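The values are calculated or read from the model by the stated rules, or taken from the named source; none is laboratory data. Remember, it's a predicted structure, so these values are computed and weren't measured experimentally. With ideal geometry, Cβ positions are generated from the backbone for all residues, glycine too; neighbour counts draw on all protein chains shown. Please note that ligands, DNA and RNA were not included when accessible areas were found on the heavy atoms of the full protein model with its side chains. Shrake-Rupley method; radii C 1.70, N 1.55, O 1.52, S 1.80 Å.
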Amino acid sequence: DAMVIQNPRYQVTQFGKPVTLSCSQTLNHNVMYWYQQKSSQAPKLLFHYYDKDFNNEADTPDNFQSRRPNTSFCFLDIRSPGLGDAAMYLCATSREIDSYEQYFGPGTRLTVT
Amino acid sequence: GQQLNQSPQSMFIQEGEDVSMNCTSSSIFNTWLWYKQDPGEGPVLLIALYKAGELTSNGRLTAQFGITRKDSFLNISASIPSDVGIYFCAGPPNDYKLSFGAGTTVTVRA
């Protein structure tokens, strides 16, 4: 089945220790998104890639970076995680930039100790 | 970003009941989406609506795109225990970004 896959599902990192979360998709969609979701809140968009074009949200901290080496894969790098970065991180895809239907992966739950 | 007002915030429902939730916006949307999120999982797209007045079903779920284009409704008929979760409405105020409602948490009493 075509899908969005996130690894790992659970990640524990230490305060200040860089961490990378990964996302892959078999949908062949052009757009990939990263969201942060804290408890009992709606997902919050961090950035997205439209093909190779990176688009950062204005309020996304510099601590968060992303890479998209090819159509299928996208990575979220957190350079120096703080306790406030503990959250669920969701990857999503859409076919085109004006295709509003976004398809989410299962998420990675990040814990910062 | 654009605020979507979703209500109710939470609901307890009896198994077998029909329930409704809604979402409103202060501006016009051209698309409404409804997602369900189970605990510890990502949101799953349930229904997408593209036309004012459109009524679309997915199994026991029915969603409507309001005539004013500023609201949408989701109905669940004959609730079952697996309907538990958080339901989010979402819509695109611009080309790529979805605004999400705060979610409706549904808990089913067996």
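Taken residue by residue and averaged, Cβ atoms of other chains lying within 10 Å of the Cβ of B:43-51 number 3. Residue-wise HN-Hα couplings along the stretch B:53-69, as the Karplus relation 6.51 cos²θ - 1.76 cosθ + 1.60 with θ = phi - 60° gives them from phi, are x, 4, 10, 10, 10, 9, x, 7, 9, 9, 10, 10, 8, x, 4, 6, 6 Hz; Gly and Pro carry x.
How many square angstrom of accessible surface are buried between A and B, both sides summed, with a 1.4 Å probe and rounding to 100? Don't skip to the answer; put the middle values down first.
On the way: alone 6340 and 5980 Å², together 10610 Å².
For chain A against chain B, roughly 1700 Å² becomes buried.
In order along the stretch B:5-10, the Karplus-derived 3J(HN,Hα) couplings, from 6.51 cos²θ - 1.76 cosθ + 1.60 at θ = phi - 60°, round to 9, 10, 8, x, 5, 8 Hz, and Gly and Pro are given as x. Beta bridges from DSSP with both residues in chain A: antiparallel share about 90 percent, rounded to the nearest 5. Taking every alpha-carbon pair under 8 Å whose residues sit at least 6 apart, chain A reaches a relative contact order of 38 percent. Mean per-residue shielding of peptide B:31-40 is 3, counting Cβ atoms of other chains within 10 Å of each Cβ. Across every pair of non-identical alpha carbons in chain A, the mean reciprocal distance, once inverted, gives a Kirkwood radius of 14.0 Å.
In the P(r) worked out for the protein assembly as shown, what percent of Cα pairs fall beyond 25 Å? Counting every Cα pair in the protein assembly as shown, those more than 25 Å apart make up 40 percent. Amide H contacts for A:A87 (H built 1.01 Å from N in the peptide plane; partners 5 or more residues away or on another chain; cut-off under 5 Å): A:L110. Bridge orientation summary for chain B: considering DSSP beta bridges with both residues in this region, about 85 percent are antiparallel.
Could you work out the relative contact order of chain B, using alpha carbon pairs under 8 angstrom and six or more residues apart, expressed as a whole percent?
Working: 284 pairs, mean separation 40.7, N = 110.
Relative contact order comes out at 37 percent.
Give me a comma-separated list of calculated 3J(HN,Hα) values for the stretch A:74-80, in order, Karplus coefficients 6.51, -1.76, 1.60 applied at θ = phi - 60°, integers in Hz, x for any Gly or Pro. Couplings: 8, 10, 10, 10, 10, 6, 9 Hz. Ranked from largest, the principal axis spans of the Cα set of chain B equal 41, 28, 19 Å.
Once both labels are positioned 7 Å from their Cα atoms along Cα-to-Cβ, the gap between A:S40 and B:S57 label points is 3.6 nm. The mean sequence distance of close C-alpha pairs (under 8 Å, at least 6 residues apart), as a share of the length of the stretch B:38-79, puts its relative contact order at 27 percent. Of all DSSP-defined beta bridges confined to the protein assembly as shown, some 90% are antiparallel rather than parallel. Under the rule of at least 5 residues apart or a separate chain, name every residue whose amide H is placed under 5 Å from the amide H of A:F54. When sequence neighbours closer than 5 places are left aside, there are no close amide H contacts.
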